[in-house]
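Chemist: Okay, handing you the structure first.
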2 protein chains.
Amino acid sequence: MKIAIDAMGGDFAPQAVIEGTLLASEELPSDVKLILIGKEQVIQELLHTPTLASNNIEIIHAEEVVEMGEHPTKALTQKTKSSIAIGYGMLKAGQVNAFCSAGNTGAMHVGAMFSIKAIEGVMRPCLSSHVPKEDGSYGVILDIGANAECKPDVLEQFAVIGSIYAKHILGIKNPRVGLMNIGEEEQKGTQILQSTHQLLKANSKINFIGNIEGRDVYSDKADVIVCDGYTGNVILKMAESVYDVMHKRGLEDEFFAKFNYEAIGGSPILGVNGNVVIGHGVSSPLAIKNMILLAKKMAESNIYLNIKQALSS
Amino acid sequence: MKIAIDAMGGDFAPQAVIEGTLLASEELPSDVKLILIGKEQVIQELLHTPTLASNNIEIIHAEEVVEMGEHPTKALTQKTKSSIAIGYGMLKAGQVNAFCSAGNTGAMHVGAMFSIKAIEGVMRPCLSSHVPKEDGSYGVILDIGANAECKPDVLEQFAVIGSIYAKHILGIKNPRVGLMNIGEEEQKGTQILQSTHQLLKANSKINFIGNIEGRDVYSDKADVIVCDGYTGNVILKMAESVYDVMHKRGLEDEFFAKFNYEAIGGSPILGVNGNVVIGHGVSSPLAIKNMILLAKKMAESNIYLNIKQALSS
């Protein structure tokens, strides 16, 4: 198995990415090769310090870098030799089983849409995130920012995609789908949410348990939380910040610590023809390590193929 | 000053309401009269237990009760002798300076719209809530559930109303307004949010600091958080549940404890011709006490008149 990593992506790249890659390589079996894509000489130098060495890391040179603030589409069109463009090229060609980056989120999303492309039948690929639960298990929330507004049929598809993800990656047999809303009753919320409720209720492919509310982010009521990208983004950033504020105030707790972005590692793009994870811009080596381990998990079950099959059946 | 309290409103009414009213009466000066509206005999019996007695509490009899699950409009049309209907009647007639209830939220909102009515020029009255900040001060978030979807001009008006509230109730001189969004850049978010951003930027009545994000609920970046009722509801319920989960896990902290609904007390309805607070359905005596203290604060500065004046100028 080969996992490509954008060595130049993230606020603390390439240093943090290389350190994180080495941390991951220590935990992964020797048949998992990690491919660092970026400026070869820079990576070589960082890798060759005595403390940083591993056998299962390869380097692929990329002359260019998509910077964090760049316009996604423009950057990708112009910088065909960037680490993001090359990573997607390798993923598309089947040279790697997964690609991950803590770089420009927009460019990663656009890159997925233009290179490996959306799975046939997928209306809007989305970004997802694991949601820790008190019993130690995880759920998944989608979308968390790729599509600020979503129509009912798009939200319905998120429910189907999220259920497949929860089954194959989180090991949940019959994942419970909840629609994020402002009350339990069917007629609650916006027109879009009311229509979505009806679509989800009628969909036999999923286990819809009804509307859930803000308080259920922390409960174990639903395994798959469905919402538009605006709402999911607000929820996720709020949950991450709860950990930050607690940490700052000297409150330590293993449950809330799981909401630390470093522990979650990254956000899978779901609904595209390949296994892709986007990491947090501020990723530390620990966050990078967990992003790579998540990419490995996705590659292992080849989650994108499961989604593809489910949508064509 | 007279404050009317719906003695029959809330899951634990009338017991919890009466206990809470007595707690409030102990803290309030003797010129603040608390008017309990509800079934006189029931209230009398509860008040006349030896431990429960106060001089500044009056009872106004209400034969009927709007139950928690009832359809708001239907209930209010049919139950003209309910505690909610009578409370609004007294508020409209100027017999009391504020009215508060932990009962049927929908009925309280509809009651406001049909009795005291929206202030001229207010497109959509909204529900608001205080948001505790780490430095000990408070901000305000609006809407938190009255209007699931909002157009840009409605959100703009929330910003104006919230600023007046922050000035007069929270004592903030030049309140900073933040638009809840998924990134700092102007072009982030839905079409509605993008348009709202432009309206807020151009509005000279407010101190717009730009977009804020989910993580800023806990930061002190903005004093007035503007969002639609769906988003505000998700945020508030999530924040309340953080306290609940922490409490359950034995984590005690004075900052997060302020997010306990009991401490916040209630949600003012803003943009109507009167001072109205809606309490949480599950209100305990402590929550009722704080709901009454909030109503008193609103009555003191007659906040609804400040909003009315600001909108007509």
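Since every read-out is calculated from the coordinates, none of them should be taken as a lab result. These numbers come from a predicted model, not from an experiment. Neighbour counts run over all protein chains shown; Cβ positions are idealised from the backbone, glycine included.
Chemist: Work out the FRET efficiency for B:M123 and A:M68 from their Cβ-Cβ distance, taking R0 = 56 Å, and round it to the nearest 0.05.
Modeler: So, using R0 = 56 Å, E works out to roughly 0.90.
Chemist: If you don't mind, another one. Using the Cα centre of the protein assembly as shown as origin and beta-carbon charges of +1 (Lys, Arg) and -1 (Asp, Glu), tell me which of B:F12, B:N273, B:I57 is placed farthest towards the positive end of the dipole.
Modeler: B:N273
Chemist: With the label 7 angstrom out along Cα to Cβ, how close does A:S312 come to the same site in each of the other copies, in nm, nearest first?
Modeler: Output for A:S312: 6.8 nm, nearest copy listed first.
Chemist: Roughly what angle does helix B:105-114 make with the longest principal axis of chain B, taking Cα atoms, 0 to 90 degrees, to the nearest 10?
Modeler: That helix lies at roughly 90 degrees to the long axis.
Chemist: To the nearest 20 debye, what is the magnitude of the charge dipole of the stretch A:164-313 about its Cα centre, counting +1 on the Cβ of each Lys and Arg and -1 on the Cβ of each Asp and Glu?
Modeler: 460 debye
Chemist: Still on this model: Could you tell me which of rounded, prolate or oblate describes the protein assembly as shown, using a ≥ b ≥ c as the square roots of the eigenvalues of the alpha-carbon gyration tensor, with rounded for a/c under 1.5 and, failing that, prolate when a/b is larger than b/c and oblate otherwise?
Modeler: Prolate.
Chemist: Now, a different point. Is the shape of chain B best called rounded, prolate or oblate, per the rule: a/c under 1.5 gives rounded, else a/b larger than b/c gives prolate, else oblate, with a ≥ b ≥ c the square roots of the Cα gyration tensor eigenvalues?
Modeler: Cα axes put chain B in the prolate bin.
Chemist: What angle do you read, to the nearest 10 degrees and between 0 and 90, between the alpha-carbon axis of helix B:191-202 and the longest principal axis of chain B?
Modeler: 90 degrees
Chemist: With r defined as the distance between the Cβ atoms of A:H48 and B:D253 and R0 fixed at 41 Å, what FRET efficiency is calculated, to the nearest 0.05?
Modeler: 0.35
Chemist: In nm to one decimal, list the spacings between the B:K205 label point and its equivalents in the other copies, with label points set 7 Å along Cα to Cβ, shortest first.
Modeler: Reported distances to equivalent positions: 4.8 nm.
Chemist: Hey, another quick one. Can you tell me the Rg and Dmax of the stretch B:123-263, counting just the alpha carbons, in angstroms?
Modeler: Over the stretch B:123-263's Cα set, Rg and Dmax evaluate to 14.6, 47 Å.
Chemist: Place +1 on the Cβ of every Lys and Arg and -1 on the Cβ of every Asp and Glu in the protein assembly as shown, take the dipole about the Cα centre, and give the residue among B:Q95, B:V140, A:V245 whose Cα lies farthest towards its positive end.
Modeler: Result: B:Q95.
Chemist: Cβ under 10 Å from B:N174's Cβ, B:N174 left aside: what net charge do those residues give with Lys, Arg +1 and Asp, Glu -1?
Modeler: +2
Chemist: Taking the Cα-to-Cβ direction at B:D135 and at B:Q309 and moving 7 Å from each Cα, how far apart do the two end points lie in nm?
Modeler: Simple spin-label model gives 2.7 nm for this pair.
Chemist: Taking only C-alpha pairs under 8 Å that are 6+ residues apart, what is the relative contact order of the stretch A:123-261 in percent?
Modeler: The normalised contact order for the stretch A:123-261 reaches 32 percent.
Chemist: Mind sorting B:S283, A:S241 by how few other Cβ atoms lie within 10 Å of their own Cβ, fewest first?
Modeler: Taking fewest neighbouring Cβ atoms as first place, the list is A:S241, B:S283.
Chemist: Using only Cα atoms, tell me the angle between helix B:152-168 and the longest principal axis of chain B; keep it within 0 to 90° and round to the nearest 10.
Modeler: Its long axis makes an angle of about 60 degrees.
Chemist: Could you state the number of Å between the C-alpha centres of the stretch A:10-74 and the stretch B:59-138?
Modeler: 60 Å
Chemist: What's the extension gain from A:N302 to A:E186 if we count 0.36 nm per residue and subtract their Cα-Cα distance?
Modeler: Residue separation times 0.36 nm, minus the Cα-Cα distance, leaves 38.2 nm.
Chemist: Taking square-rooted eigenvalues a ≥ b ≥ c of the alpha carbon gyration tensor, is the stretch A:197-305 rounded, prolate or oblate, where a/c under 1.5 means rounded and, failing that, a/b exceeding b/c means prolate?
Modeler: The shape class here is oblate.
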